[in-house]
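Just below is one structure, and these are the notes that go with it.
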Amino acid sequence: MKKKNYKGRCEKRTLSKCQEVCRVYSEIQDVYLNVLQNNNDIKEFQCNVPITLTEGEYTSDFVCVKINGDIMVRECVQRKLLMKPMTAKLLDSSKEYWKNRGVIDWGVIIDVEK
């Protein structure tokens, strides 16, 4: 999750399963982008989808449409930030936001332990 108008370092990529240019802001997003592109269960996906939470305006990292039509949402978070109160609050808010829109396949992608 990122603030809606995040101004950090950005890499742009074009992939066949995404109709827009994908903007990735972390190594976790970059790696997971490839996972989604190569996953045969994923029909299409969007990156950095704007959502409005009580905490402000943010973006969900990946919103995917599966072959069967179900929606899947994934948020990318660095392992070292998982236990921070604000991170936990934002993840809970994101999960609730998507749950209220009928999405049950919501999850968090974290980097590997080094």
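Any read-out appearing in this document is the output of simple, stated calculations on the displayed coordinates, not a laboratory observation. Note that this is a predicted model, so its numbers are computed, not measured. Backbone-built Cβ (ideal geometry, glycine too); neighbour counts: all protein chains shown.
Okay, here's what the table says:
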quantity: Inter-site label distance for residue 13 and residue 38 at 7 Å from Cα along Cβ, in nm; calculated: 1.1
quantity: Sequence-distant residues sharing a close amide H with residue 60 (under 5 Å, placed H); calculated: 49, 51
quantity: Prolate/oblate/rounded label for segment 1-63 (Cα gyration tensor, a/c 1.5); calculated: prolate
quantity: Check: segment 2-110 dipole with +1 on Lys, Arg Cβ and -1 on Asp, Glu Cβ, in debye; calculated: 340
quantity: Computed P(r) (all Cα pairs; the chain; 5 Å bins; percent); calculated: 2, 11, 23, 25, 22, 12, 4, 0
quantity: Residue of 17, 84, 43 that the Gaussian network model of the chain assigns the largest fluctuation, springs spanning Cα pairs under 10 Å; calculated: 84
quantity: Residue among 37, 19, 78 with the largest mean-square fluctuation in a Gaussian network model of the chain, springs linking Cα atoms under 10 Å; calculated: 19
quantity: Ellipticity estimate at 222 nm from DSSP helix runs (n ≥ 4, -39,500 (n - 2.57)) divided over the chain, nearest 500; calculated: -7500 deg cm²/dmol
quantity: Leading residue at positive end of dipole, the chain (Cβ point charges), from 71, 90, 19; calculated: 90
quantity: Equivalent ellipsoid semi-axes - Cα gyration tensor, segment 58-114, angstrom; calculated: 22, 14, 7
quantity: Formal net charge of residues neighbouring residue 14 (Cβ-Cβ distance under 14 Å; K, R +1; D, E -1); calculated: 0
